[in-house]
1. Suppose we keep only residues that are in contact (Cβ under 8 Å) with a residue 40 or more places away in the chain and part of a helix (DSSP H, G or I) within the range 80-89. Which one would you say is farthest from ILE163 (Cα to Cα)?
2. Looking only at the range 244-288, how many residues end up being of a type in the set (Gly, Ala, Ser) and in a loop (DSSP other than H, G, I, E, B)?
3. THR295 versus (1) touching a residue at least 40 places away in the same chain (Cβ under 8 Å); (2) assigned to a helix (DSSP H, G or I): which is the lone unmet condition?
4. Touching a residue at least 60 places away in the same chain (Cβ under 8 Å) and either in contact with a Lys or Arg (Cβ under 8 Å, 6 or more places away or on another chain) or under 21 Å from ALA347 (Cβ atoms) (or both): which single residue out of THR2, THR26 fits that description?
5. Name every residue in the range 356-384 that is aromatic (Phe, Trp, Tyr) and in contact (Cβ under 8 Å) with a residue 60 or more places away in the chain, in order of residue number.
6. GLY241 fails exactly one of the following numbered conditions: (1) more than 23 Å from ALA378 (Cα to Cα); (2) part of a helix (DSSP H, G or I). What is the number of that condition?
7. Checking the condition under 30 Å from SER361 (Cβ atoms) and not basic (Lys, Arg), which residue from ILE265, ILE310, ILE319 passes?
8. Condition first: more than 22 Å from the chain's Cα centre (by Cα) and modelled with pLDDT of 80 or more. Now tell me which residues in the range 191-217 satisfy that.
Amino acid sequence: MTGLVPAGAALTSAYSAAAVLGEELTDSETLGGLAAASATVGSAIATLLLARMMVIYGRRPGLLTGYAVASVGSLIAMTAALTGWYLLLIPGILSIGVGGAASLAARFAAADLATPDHRARAIGTLVWASTVGAVLGPTIGFGPAKRFAQLIGIAELAGPYLISSILFAIAAAVIHFKLRPDPLIVAGGLGTSKKDRGFKEAVKSIAGSAIGKLAVGSMATGHIVMVGVMTMTPLHMNDGGHELEIIGFVISLHIIGMYAAAPIIGWVVDRLTAGPVLALGGVLLFIGSEMASHTEPSESAGVFIGLFLIGLGWSCGLIASSVLLTNEYEGSVRVRVQGLADTIMSASGGAAGLGSGLMVSTTDYQTLCHYVSFIGLAPVIGFLFLLFRTYKKNLTH
């Protein structure tokens, strides 16, 4: 948790300034959006690479590398702001995304040494810790960081990246000095052969397990609904004439739904098992998205409640799915599967972000939310199918 808070603040500080800086350097909204999207791409690519490193060397080297790369990437992005070279901004933001991948992996590190009946609470506590950084990051990036940049005489938008570099370095130092002993080594999860280092085995492991497919599918669909709706909500509300403060409050409420209840959700998963909570998450995704789909641009109540429920549903699905993966697999296979699952989740979110814009441009926001809501029901159907399959199997025996 101590390492995750500064890392989370660094990530959101850098991300919140990326589109603005990209547009300022190029006078193009498209290129500004491309700069911001690079963080998601960097996270998706790095997740597998960090997981491969963790399989061989342990959690600490993997997390340390992720935060160190992100710290250097922040300096590259800062250089882009100082020199006006847009081409430096893309690799800088890609590298910052590596820090996001490390923060995702941190929740699994929390579960390595937790007993089975406390794994969900361990994961939920780490997810909750992300709230602090997620809320502080934009405030730091557009407040003290900009004033600090002015104080030392550099470009204002270089400030968020200087601060991000420092915060990522702090996170790396915490992991290096304090994450001892390495939880994955103690848990006996390191791979020792070339076969253990290949992620083709992870694909086979997920494909061969009904629980594995349900968990990964739930993580992906939750991310699709969450990113797809959240990306287009500010534009929908802006078209309805809402003030920026109201739009910002809706997004903040959504983030609260995503993170704030995570420890409680973890406790419920430990008490009720992961399956029912995973299904509940799908139901919340459906209801939240449908509420948003029935809200006119000039109205806000449906979007307020809908975005909060989507965030809560995403949190239920993420924690329950993470526990299912941790319980289903053992040793180095577990780490590979966790890495592949996070890669699929990040890639699904990136595709949803791009696809939602295209869909709204050809239809409208309400249509997007309506159709996306049915994607949210996929975990519910998967869970019911798994129950039916288990019941049928028990009957045959």
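The values are calculated or read from the model by the stated rules, or taken from the named source; none is laboratory data. These numbers were taken from a predicted model, which means no experiment stands behind them. When we count neighbours, we look across all protein chains shown, and the Cβ atoms used for this are built from the backbone with ideal geometry, even at glycine.
1. TYR86
2. First, pick out the residues of the range 244-288 that are of a type in the set (Gly, Ala, Ser): 248, 252, 257, 260-262, 266, 274-275, 279, 281-282, 288.
If we keep only those that are in a loop (DSSP other than H, G, I, E, B) too, we end up with 260-261.
The qualifying residues number 2.
3. All conditions pass for THR295, except number (2).
4. Details: THR26 fails: either in contact with a Lys or Arg (Cβ under 8 Å, 6 or more places away or on another chain) or under 21 Å from ALA347 (Cβ atoms) (or both).
From the options THR2, THR26, the qualifying one is THR2.
5. To start, the set of residues in the range 356-384 that are aromatic (Phe, Trp, Tyr) comprises 365, 371, 374, 383.
Scanning the range 356-384 gives TYR365, PHE374, PHE383.
6. Failed condition: (2).
7. Values: ILE265 fails: under 30 Å from SER361 (Cβ atoms); ILE319 fails: under 30 Å from SER361 (Cβ atoms).
Testing whether each residue is under 30 Å from SER361 (Cβ atoms) and not basic (Lys, Arg) leaves just ILE310.
8. Going through the range 191-217, the residues more than 22 Å from the chain's Cα centre (by Cα) turn out to be 191-198, 200-201, 204-205, 207-210.
Those that are more than 22 Å from the chain's Cα centre (by Cα) and modelled with pLDDT of 80 or more: LYS200, GLU201, LYS204, SER205, ALA207, GLY208, SER209, ALA210.
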